[in-house]
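K.L.:
Below are the structure tokens for one structure; questions will follow.
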Amino acid sequence: MIAKLTDYSLTIEFRNRNWVVGDQLRSTIDFLRKHRVAFVNVDAPTNNHFSIVPSDLNEITNPNFSYLRLHGRDAKAYLTGKTVAARFNYDYSDKEIDELAERSRKLAREAKDLHVIFNNNNLDYAPRAATRLRVALGQSVALPRPQTPELF
């Protein structure tokens, strides 16, 4: 199937930690490198549940781009949330944003492009966290322009 998609930049996010722990990790990473498929590095809760991939992996399997997906760090919500909003109900602290900025810099040094996606999608947590991360990375952030209130 990968061979049929060579015109596309592919990523794989593993949802079962058994693909990326112990002896299996090297085999998985080697396969992705061979096929130039980007490994999705994650920020997730610290927990040994099979559905939570470890956050300490920073694998670059395609030198053209890397992918970092940020799920939040609340293990209870992640494992028991009945809705997507409940599962990823997490508001990153300023300290955590600084940690993510450093991790992003590290990944960006090893890949041409880095895509960072916030998946903590309850309320407005993701767009606010993305803005805070951009500030922590020293990127310019366009603030919303004030709107003139409707008079009629």
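The values are calculated or read from the model by the stated rules, or taken from the named source; none is laboratory data. The model shown is predicted, which means the values in this text are computed figures rather than measured ones. Reconstructed Cβ throughout: ideal geometry from the backbone, glycine too, with neighbour counts over all protein chains shown. Heavy atoms of the whole protein, side chains included, go into the accessibility calculation; ligands, DNA and RNA do not. Shrake-Rupley method; radii C 1.70, N 1.55, O 1.52, S 1.80 Å.
K.L.:
Conditions first: (1) touching a residue at least 12 places away in the same chain (Cβ under 8 Å); (2) within 14 Å of the chain's Cα centre (by Cα); (3) within 19 Å of residue 74 (Cα to Cα); (4) surrounded by fewer than 17 Cβ atoms within 10 Å (Cβ to Cβ). Residue 97 passes all but one, so which condition is the exception?
P.N.:
(4)
K.L.:
If you go through segment 7-20 one residue at a time, do you hit one that is closer than 25 Å to residue 127 by Cβ and hydrophobic (A, V, I, L, M, F, W, C)?
P.N.:
No; the residues of segment 7-20 include none that is closer than 25 Å to residue 127 by Cβ and hydrophobic (A, V, I, L, M, F, W, C).
K.L.:
Do you know which residues across segment 45-81 are among the small types (Gly, Ala, Ser), open to solvent by less than 30 Å² (accessible area, probe 1.4 Å) and under 17 Å from the mean Cα position of the chain (by Cα)?
P.N.:
Correct list: 51, 66, 72, 75.
K.L.:
Among (1) at pLDDT below 95; (2) assigned to a loop (DSSP other than H, G, I, E, B), there is one condition residue 56 misses while meeting the rest; what is its number?
P.N.:
(1)
K.L.:
Checking residue 106 against (1) modelled with pLDDT of 95 or more; (2) surrounded by 18 or more Cβ atoms within 10 Å (Cβ to Cβ), only one condition comes out false. Which one?
P.N.:
Just one mismatch for residue 106, condition (2).
K.L.:
Out of 13, 102, report the one residue that is more than 22 Å from residue 139 (Cα to Cα), within 14 Å of the chain's Cα centre (by Cα) and free of Cβ contacts under 8 Å to residues at least 60 places away in the same chain.
P.N.:
13
K.L.:
For segment 27-43, indicate whether the set of residues that are assigned to a loop (DSSP other than H, G, I, E, B), open to solvent by less than 30 Å² (accessible area, probe 1.4 Å) and not hydrophobic (A, V, I, L, M, F, W, C) is non-empty.
P.N.:
No, every residue in segment 27-43 fails to be assigned to a loop (DSSP other than H, G, I, E, B), open to solvent by less than 30 Å² (accessible area, probe 1.4 Å) and not hydrophobic (A, V, I, L, M, F, W, C).
K.L.:
Specify the residue that is modelled with the lowest pLDDT; the eligible residues are those in segment 109-147 that are open to solvent by 60 Å² or more (accessible area, probe 1.4 Å) and among the small types (Gly, Ala, Ser).
P.N.:
Among them, the one singled out is 142.
K.L.:
Are any residues in segment 66-96 within 26 Å of residue 37 (Cβ to Cβ) and assigned to a helix (DSSP H, G or I), and if so, which ones?
P.N.:
78, 84, 87
K.L.:
Out of segment 97-136, which residues are farther than 13 Å from residue 69 by Cα and not in a helix (DSSP H, G or I)?
P.N.:
Result: 111, 112, 113, 122, 123, 124.
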